[in-house]
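Single-structure report; data block below.
The values are calculated or read from the model by the stated rules, or taken from the named source; none is laboratory data. This structure is a prediction, so every number in the text was calculated from the model and none was measured. Cβ placement follows ideal geometry from the backbone for every residue including glycine, while neighbour counts extend to all protein chains displayed. Quick note on the areas: whole protein, heavy atoms, side chains included, nothing else; ligands and nucleic acids left out. Shrake-Rupley method; radii C 1.70, N 1.55, O 1.52, S 1.80 Å.
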Amino acid sequence: MVRRIVTGERNGKSVVMSDGPVENTHDYAAVPGFRTTLVWATTTAEPKLPFDGRDPVVGIQPMLPAPHGTSVIVVQFPPDSVMAAQDFDGAAAGAEYAKYLPGLAESFDTDGSGFHRTATVDYDVILSGELWLELDDGEIRHLKAGDVVIQNGTRHAWRNRSQTPAVMLSVLIGAKK
């Protein structure tokens with residue numbers, strides 16, 4: 001689980017407003033080992049300070065930010081072998097994605113390839129494991145913990161060709177096309 005510490009102000013002094021697991025975390029039944037956590041979001045170009053104490057990610061909301069908004073998402077990717085298993089139910093996975101990844105789920109190609117494109121600039125940081133970034137021109141980049149990808153609204157897919165889960169933190173910034 002992701003531990004989130006949120007600061008704010010009381011009586012002009014900085015304080016910890018909350019410290020604990022993020023409620024908007026989902027472990028996917030149809031894709032064992034896949035987990036998403038929407039850690040934080042801002043919905044406007046000008047977030048208001050001081051922080052009002054309300055959790056902006058309680059409940060389901062679009063995972064993709066509107067222009068100038070932001071989202072912070074932590075994703076655990078299982079090995080690709082999970083999706084290649086004979087008993088993998090792509091329809092069940094798609095339904096679960098639609099329920100828990102609103103906005104993002106609709107950005108995926110319908111052919112099951114994993115390719116998608118969002119109207120965001122993403123700062124993707126590999127926290128653990130290994131991922132492979134595949135672009136639609138056939139380019140593939142092998143990524144390891146500590147690598148950072150700046151995704152500029154391009155069509156891409158994430159692959160986990162290893163035998164262990166990989167974890168990536170992504171900061172998405174809503175952009176205009």
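For this structure, a couple of remarks:
- Of all residues making up region 114-129, the number that are open to solvent by 60 Å² or more (accessible area, probe 1.4 Å), of a type outside the set (Ser, Thr, Tyr) and assigned to a strand (DSSP E or B): 1
- Residue check, Ala92 in a helix (DSSP H, G or I), surrounded by fewer than 19 Cβ atoms within 10 Å (Cβ to Cβ) and without any contact (Cβ under 8 Å) to a residue 24 or more places away in the chain: no
- Test result for Phe108, at negative phi, surrounded by 13 or more Cβ atoms within 10 Å (Cβ to Cβ) and without any contact (Cβ under 8 Å) to a residue 24 or more places away in the chain: yes
- If you filter region 39-60 down to residues that are under 16 Å from Val171 (Cα atoms), among the hydrophobic types (A, V, I, L, M, F, W, C) and assigned to a loop (DSSP other than H, G, I, E, B), you find that the one that is most open to solvent (accessible area, probe 1.4 Å) is Ala45.
- Verdict on Arg35 being surrounded by 13 or more Cβ atoms within 10 Å (Cβ to Cβ), charged (D, E, K, R) and within 20 Å of Pro165 (Cα to Cα): yes
- Residue list for region 130-171, filter: closer than 20 Å to Pro78 by Cβ, part of a loop (DSSP other than H, G, I, E, B), touching a residue at least 40 places away in the same chain (Cβ under 8 Å) and not β-branched (Val, Ile, Thr): Asn160, Arg161, Ser162, Gln163, Pro165
- Among (1) under 26 Å from Gln163 (Cβ atoms); (2) over 18 Å from the mean Cα position of the chain (by Cα); (3) in contact (Cβ under 8 Å) with a residue 40 or more places away in the chain - the single one Phe51 does not satisfy: (1)
- For region 130-177, a tally of residues being closer than 30 Å to Thr44 by Cα, among the small types (Gly, Ala, Ser) and open to solvent by 50 Å² or more (accessible area, probe 1.4 Å) returns 1.
- Some residue of region 66-88 being acidic (Asp, Glu), in contact with a helix residue (DSSP H, G or I) (Cβ under 9 Å, 6 or more places away or on another chain), open to solvent by 50 Å² or more (accessible area, probe 1.4 Å) and without any contact (Cβ under 8 Å) to a residue 24 or more places away in the chain: no
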